[in-house]
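A short worksheet on the structure shown next.
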Amino acid sequence: MEKRAFGQISKLASGRFQARYADPDGRTSATGTRLRHKAPHTFESRVDAEAWLADERRLISSGEWTPPSVRSSMRRTPGLTLGEYAPRWLANRRVKGQPLADRTRDHYQDLLDRFILPFFGRTALREITPEMVSDWYDTAAPDRPTYQAHSYSLLRAILRTAADPAKNNGRPLIPFNPCGISGGGSSGAKRRVSPATAEEIAVIVANMPDRHRLMILLADGCALRFGELAELRRHDIDVKNAVIRVRRGVVRSRSAGVVAKAPKSDAGIRDVPIPPDIVDAVAEHLRAFAAPGRDGLVFPGANGHHLSPSAFYGKVSKKRRGQPDIGGYGWYEARLIAGRSDLRFHDLRHGALTEAARHGATLAELMALGGHSTSQAAMRYQQAASDRLAQIARKRAEARGWAAN
């Protein structure tokens, strides 16, 4: 046996060479002797045995060492597949220390089921290469850039965790993240929104069911989201002072159903001024359509529960040759009549914020009106906007022809 600065090399009776070294962490066996790690096989020459010892010493110095027997066992057994790892990742995923929101988790599961697992589900994590990712990216929903970008971002996040030693008890599942496509998580140019004009809004309102007309006015006038409107209660609206207190919103997901919850950030909790030209419409709606009681829903569904998107959006009318036409109703039909089939309900909120900016709202005031947040600045934005938002609402009402008595 040859004595060395690191490890030992022995020549066996067969003429082959065996290499071993003492445990770098100083661990001992049950008998108290220091553990020694052998090469998983013998070597034909002494030079090969020395090269193996040099590689092992390099792993120890870099902090990437694991026992040779563990590495040999991992090579012999099938590796953890992405299909096995993804559910575990989804269940343990945290954002700012919190579990994923229901809708986010459902969205991720949908991306996995439709775009990622059909390609990578049976592939071992350590066998996924940059070339495979590139091939998948080129074929995964190429005609749907948003889904393509979201799917790539999700795959990149999953494999980033797999490559992180801190997330895997100090031993990464893969040596590096193979997702390296520059700009792969971006869907390119965003959809350009063309805000509805006052005339188009008037046509849409006129063609909506009576009980849903105010939703159009509040989305366009107060920049409220659909979920915020659907959860409004009588006690959230102060007609006398022309203020809507936004405190909750409805969230729908396949896993959790319909849930009323607080906004994602403190900035979402806000008081929004009602433009003076629609205050009377708000009061009339409360008298005619809101559910009774202090906690009554302002826009109740047909069953008394939260208004469902399908009941609000409705359907477009259709003309059929030789058969009776199919009548339309709701948002889809109203926007068709207004000549704005491209208009999304959320675009009304976009238009409200655009109009507020046009009438002089500062960035802080816009963020307060829309309930947007940038980390700790949310409350500062709300305080900065508290006095000016009512003035902005009045200016917008005057631009639409309203005049104070």
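A short reminder: the numbers here are calculations on the coordinates, not readings from a lab. These numbers were taken from a predicted model, which means no experiment stands behind them. Positions of Cβ are generated from backbone atoms using ideal geometry, with glycine treated the same way; all protein chains shown enter the neighbour counts.
On the given criteria, is Leu173 part of a loop (DSSP other than H, G, I, E, B), in contact (Cβ under 8 Å) with a residue 60 or more places away in the chain and either surrounded by 17 or more Cβ atoms within 10 Å (Cβ to Cβ) or in contact with a strand residue (DSSP E or B) (Cβ under 8 Å, 6 or more places away or on another chain) (or both)? Here the answer is yes, as Leu173 does meet what is asked.
Restricting attention to segment 99-126, the residues that are over 13 Å from the mean Cα position of the chain (by Cα), buried (at least 16 other Cβ atoms within 10 Å of the Cβ) and not aliphatic (A, V, I, L, M) add up to 5. One residue stands out among those in segment 40-66 that are aromatic (Phe, Trp, Tyr) and in contact with a helix residue (DSSP H, G or I) (Cβ under 8 Å, 6 or more places away or on another chain): the one that is nearest to Gln18 (Cα to Cα), which is Phe43. With (1) out of contact with any Lys or Arg (no Cβ under 6 Å at 6 or more places or on another chain); (2) over 17 Å from Cys179 (Cβ atoms) as the list, and Leu100 as the residue in question, which single condition is left unmet? With (1) out of contact with any Lys or Arg (no Cβ under 6 Å at 6 or more places or on another chain); (2) over 17 Å from Cys179 (Cβ atoms) applied to Leu100, the lone miss is (1).
Residue selection: Leu232 fails the criterion of being buried (at least 18 other Cβ atoms within 10 Å of the Cβ) and over 14 Å from Gly296 (Cα atoms). The conditions of being closer than 24 Å to Ile158 by Cα, basic (Lys, Arg) and either touching an Asp or Glu at 6+ places or on another chain (Cβ under 6 Å) or exposed (fewer than 14 other Cβ atoms within 10 Å of the Cβ) (or both) are met by Arg71.
Outside any loop (DSSP other than H, G, I, E, B), out of contact with any Lys or Arg (no Cβ under 9 Å at 6 or more places or on another chain) and closer than 30 Å to Glu64 by Cα: does that describe Ala86? Answer is yes for this residue. The residue pairs whose first member lies in segment 38-67 and is in contact (Cβ under 8 Å) with a residue 40 or more places away in the chain, whose second member is surrounded by fewer than 17 Cβ atoms within 10 Å (Cβ to Cβ), and whose beta carbons are closer than 7 Å, counting only pairs six or more residues apart or on different chains, are Leu53/Phe6; Arg57/Phe6; Trp65/Pro24; Trp65/Leu59; Thr66/Arg171.
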